[in-house]
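The values are calculated or read from the model by the stated rules, or taken from the named source; none is laboratory data. Small disclaimer: the values here were computed from a predicted structure and weren't measured. Virtual Cβ from ideal backbone geometry, glycine too; neighbours counted across all protein chains shown.
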């Protein structure tokens with residue numbers, strides 16, 4: 001089998017997402033995805049990677065990963081290069097699965113479980129990679145601020161019942177009940193982000209600290225310990241500020257505290273962990289075995305969070321998770337990204353012996369994800385089931401290609417000649 | 001100095017003759033322009049600058065240098081290492097500082113803290129004219145672009161007649177040189193193994209140089225992060241009797257514990273690394289005792305401001321700094337300014353084959369060189385401009401984002 005062409009697909013409604021299709025001479029097409037800086041990723045794929053990949057056997061997955069990593073000098077961080085490699089790697093695994101007639105989780109070593117628990121990241125419909133609508137009322141809270149200050153602010157809008165960010169900021173108790181009524185027993189919220197801009201994260205006042213604790217108070221008062229709560233910090237704070245927040249959060253028996261500080265100093269993260277009585281979760285903002293190795297060796301985390309389409313793809317995610325296992329650490333695939341990232345995460349979470357929980361966003365799963373892909377993971381009553389179709393088990397819907405906001409760019413033997 | 005000025009235009013330049021490079025011009029509303037540069041994946045850097053950086057930077061006050069560094073750094077997820085986002089930030093930071101110095105009518109070295117020395121010693125990286133310049137796709141370590149009609153085919157020279165090359169350099173007053181005679185063996189095993197015979201062949205240029213010029217020449221061994229740990233140790237131990245000036249990038253720079261392990265076993269200094277970016281990654285390197293000489297590339301590390309910060313941190317560990325240049329003429333000019341300024345400057349890298357040919361086709365002048373030393377450039381900012389013939393070349397591609 002040979003790779004014949006590579007497509008990148010952008011759509012202006014989702015300016016933070018890019019899809020990659022790898023076509024082969026056997027008629028099999030693999031699908032990949034990554035997020036943020038998508039024009040840079042697109043340029044890398046067509047200029048730096050397609051000339052290498054076209055004509056190659058798509059099943060030499062490890063060799064392609066190593067060669068692309070070496071030629072682009074990508075390491076440690078989800079740079080545009082590493083995101084491009086991640087998207088390509090996912091597409092190659094999809095081809096591998098379709099060629100062998102097996103779901104990816106089977107090729108990774110088979111299901112370690114039939115279903116895996118999910119948690120709900122309490123984002124609204126337009127959080128993250130999707131276009132902001134001009135003139136709409138922004139909340140003060142900035143979701144993944146560290147990832148993209150300019151266009152990534154969670155937004156209030158009414159597309160359906162799951163405006164979960166507005167809900168956790170205003171009536172977290174009702175939100176927790178709503179989630180429990182759907183069988184979802186874990187949730188993630190980020191009520192401190194709204195106070196970050198006051199001091200650029202250098203300090204937090206006692207007053208704001210108290211306001212930030214309100215959602216946690218409300219949840220525990222209404223539903224007790226029936227729901228697990230993760231606190232997302234988005235790497236916004238200085239160490240003394242985050243220590244103040246974390247010490248206040250110790251009373252709420254959290255599932256974890258995530259991305260407490262920027263992930264550029266593992267000694268600082270390890271210091272933070274040594275002073276806080278909450279499990280530490282980190283981080284989808286680092287990439288490759290080498291970066292995770294350092295985090296594990298410095299005892300800087302309890303839970304290994306990774307994003308399949310940023311950390312280096314399915315190949316690298318599996319290797320990282322296996323390393324985590326040797327440190328007795330569980331792994332939890334990230335998704336607040338896109339439908340392909342979610343599906344790839346589910347395959348891993350079904351396979352990994354040390355999978356903890358899979359992230360999902362119900363606003364996305366019931367909203368825009370199904371408008372992009374032809375099949376969604378089977379999520380029911382707080383769990384996601386093992387996918388059964390070969391490969392990833394999903395493809396882009398035909399409407400994606402006819403949408404006037406879509407731009408498809410192709411590299412093949414002719415364009416690289 | 002003009003107050004509350006605004007950045008009105010960001011321009012990127014690329015040229016098919018230099019397919020790895022991208023230049024950045026930042027213009028403020030008083031009509032002054034600063035220059036920056038970076039290399040590798042220029043189309044991706046260009047895309048990131050126009051799609052992600054420009055919406056933030058246009059209309060901002062150009063004097064808020066540190067603030068812009070922080071905010072542009074947050075546009076990407078690159079906390080460390082030199083991906084597209086960090087290279088774009090580096091080029092933009094360079095242009096911001098050049099603009100700042102020009103608007104204040106000072107040479108860049110003055111804005112950085114003034115001259116610590118009147119001249120800086122150079123070493124010659126023994127590349128040929130087109131080494132790393134015009135290739136596309138995957139790099140091919142050890143391959144030689146041979147132009148025998150020109151006098152500075154220095155890579156061919158170190159592979160064949162290194163003693164004569166050393167004599168030739170000494171004649172020009174250049175007393176230090178960098179070579180990479182082991183790269184040629186990498187391809188066979190992807191750096192997983194090197195045989196004793198290959199090691200012996202790789203040592204040959206060191207033998208020849210010492211035989212020809214004795215200890216008059218400092219010789220740096222560049223290893224390009226191509227080898228696994230035991231192979232890198234085998235190579236370095238074989239070169240040790242020739243007292244190299246340093247071992248550079250012996251292993252990949254993504255595991256500093258491995259690098260520290262390598263260094264612990266060496267008697268000669270370890271230099272690392274232009275493959276490392278930002279104060280955070282260098283902090284780890286310093287703390288883990290990963291190297292003796294701090295090498296960075298201004299157009300990859302996070303720009304001139306980050307280079308200065310990293311060099312100052314190195315000083316706190318009693319380590320010297322040596323700016324990289326095998327990239328482009330603008331980067332070289334920034335490096336010379338920093339090498340003249342920073343108290344712990346060690347040596348400035350330069351490639352005489354480039355200076356004599358394509359660097360001079362792109363910019364109007366380089367810093368003056370005398371007896372193996374660079375002297376302070378004259379003029380405001382970095383002290384050079386693009387050649388008019390370069391700017392009017394019909395193959396030059398300009399992309400502009402403007403207010």
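Computed quantities for the displayed model
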| quantity | calculated |
| --- | --- |
| Test: residue in segment B:48-58 that is away from chain A (no Cβ under 13 Å), in contact with a strand residue (DSSP E or B) (Cβ under 9 Å, 6 or more places away or on another chain) and surrounded by fewer than 21 Cβ atoms within 10 Å (Cβ to Cβ) | no |
| Test set (1) assigned by TED's automatic domain parsing to the domain that holds residue A:159; (2) under 18 Å from residue A:129 (Cβ atoms) - residue A:381 fails condition number | (2) |
| Considering residues of segment B:268-283 that are crowded, with 22+ Cβ neighbours inside 10 Å and assigned to a helix (DSSP H, G or I) only, the residue farthest from the other protein chains (Cβ to nearest Cβ) | B:282 |
| Yes/no for residue B:379 being outside the structural domain of residue B:47 (by TED's automatic domain parsing) and within 17 Å of residue B:111 (Cα to Cα) | yes |
| Residue check, residue B:61 more than 14 Å from chain A (Cβ to nearest Cβ) and either in a helix (DSSP H, G or I) or within 22 Å of the chain's Cα centre (by Cα) (or both) | no |
| Search result, residues across segment A:306-316 that are crowded, with 24+ Cβ neighbours inside 10 Å and within 14 Å of another protein chain (Cβ to nearest Cβ) | A:306, A:307, A:309, A:310, A:311, A:312 |
| Residue in segment B:292-304 that is at positive phi and away from chain A (no Cβ under 14 Å) present | yes |
| Looking only at segment A:57-91, and only at residues there that are surrounded by fewer than 24 Cβ atoms within 10 Å (Cβ to Cβ), touching a residue at least 24 places away in the same chain (Cβ under 8 Å) and within 17 Å of residue A:25 (Cβ to Cβ), the one that is nearest to the other protein chains (Cβ to nearest Cβ) | A:64 |
| Condition broken by residue A:374, with the remaining ones in (1) surrounded by 24 or more Cβ atoms within 10 Å (Cβ to Cβ); (2) without any contact (Cβ under 8 Å) to a residue 24 or more places away in the chain satisfied | (1) |
| Residue within segment A:35-43 that is part of a strand (DSSP E or B) and within 22 Å of residue B:74 (Cα to Cα) present | yes |
| For residue B:403: the one exception among (1) more than 19 Å from residue B:124 (Cβ to Cβ); (2) buried (at least 23 other Cβ atoms within 10 Å of the Cβ) | (2) |
| Residue among B:153, B:85, B:140 that alone is in contact with a helix residue (DSSP H, G or I) (Cβ under 8 Å, 6 or more places away or on another chain), buried (at least 20 other Cβ atoms within 10 Å of the Cβ) and at pLDDT below 95 | B:153 |
| Members of segment A:237-283 that are assigned to a strand (DSSP E or B) and farther than 14 Å from residue A:216 by Cα | A:258, A:280, A:281, A:282 |
| Residues within segment B:152-185 that are within 23 Å of the chain's Cα centre (by Cα) and under 20 Å from residue B:239 (Cβ atoms), tallied | 18 |
| Residue match in segment B:40-58 (condition: modelled with pLDDT of 95 or more, more than 19 Å from residue A:38 (Cα to Cα) and within 22 Å of the chain's Cα centre (by Cα)) | no |
| Residue match in segment B:38-58 (condition: outside the structural domain of residue B:329 (by TED's automatic domain parsing), more than 27 Å from residue A:48 (Cβ to Cβ) and assigned to a loop (DSSP other than H, G, I, E, B)) | yes |
| Among residues of segment A:205-243, those that are buried (at least 17 other Cβ atoms within 10 Å of the Cβ), touching a helix residue (DSSP H, G or I) at 6+ places or on another chain (Cβ under 9 Å) and closer than 17 Å to residue A:259 by Cα, counted | 10 |
| Number of the condition not met by residue A:322 [criteria: (1) within 30 Å of residue A:373 (Cα to Cα); (2) more than 12 Å from chain B (Cβ to nearest Cβ); (3) surrounded by 24 or more Cβ atoms within 10 Å (Cβ to Cβ)] | (3) |
| Selection from segment B:64-78 of residues that are assigned to a helix (DSSP H, G or I) and either within 11 Å of chain A (Cβ to nearest Cβ) or in contact with a strand residue (DSSP E or B) (Cβ under 7 Å, 6 or more places away or on another chain) (or both) | B:67, B:70, B:71, B:72, B:73, B:74, B:75 |
| Enumerated helices (runs of 4 or more DSSP H) restricted to segment A:99-197, each holding at least 1 residues that are over 22 Å from the mean Cα position of the chain (by Cα) and modelled with pLDDT of 65 or more | A:164-170, A:172-181 |
| In segment B:336-365, residue farthest from residue B:178 (Cα to Cα) [restricted to those that are without any contact (Cβ under 8 Å) to a residue 60 or more places away in the chain and in contact with a helix residue (DSSP H, G or I) (Cβ under 6 Å, 6 or more places away or on another chain)] | B:363 |
| Residue identified as surrounded by fewer than 18 Cβ atoms within 10 Å (Cβ to Cβ), more than 28 Å from residue B:331 (Cβ to Cβ), more than 14 Å from chain A (Cβ to nearest Cβ) and without any contact (Cβ under 8 Å) to a residue 60 or more places away in the chain among B:192, B:184, B:216 | B:216 |
| Every residue from segment B:308-336 that is within 10 Å of the chain's Cα centre (by Cα), over 18 Å from residue B:107 (Cβ atoms) and outside any loop (DSSP other than H, G, I, E, B) | B:322 |
| Whichever residue in segment A:29-56 is over 25 Å from residue A:343 (Cβ atoms) and facing another protein chain (nearest Cβ under 7 Å) and, among such residues, is surrounded by the most Cβ atoms within 10 Å (Cβ to Cβ) | A:43 |
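Per-residue answers, yes or no, for (1) more than 14 Å from chain A (Cβ to nearest Cβ); (2) in contact with a helix residue (DSSP H, G or I) (Cβ under 9 Å, 6 or more places away or on another chain); (3) closer than 19 Å to residue B:187 by Cα; (4) not in a helix (DSSP H, G or I):
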{"residue": "B:234", "(1), (2), (3), (4)": "yes, yes, yes, no"}
{"residue": "B:239", "(1), (2), (3), (4)": "yes, yes, no, no"}
{"residue": "B:254", "(1), (2), (3), (4)": "no, yes, no, yes"}
{"residue": "B:262", "(1), (2), (3), (4)": "yes, yes, no, no"}
{"residue": "B:266", "(1), (2), (3), (4)": "yes, yes, no, yes"}
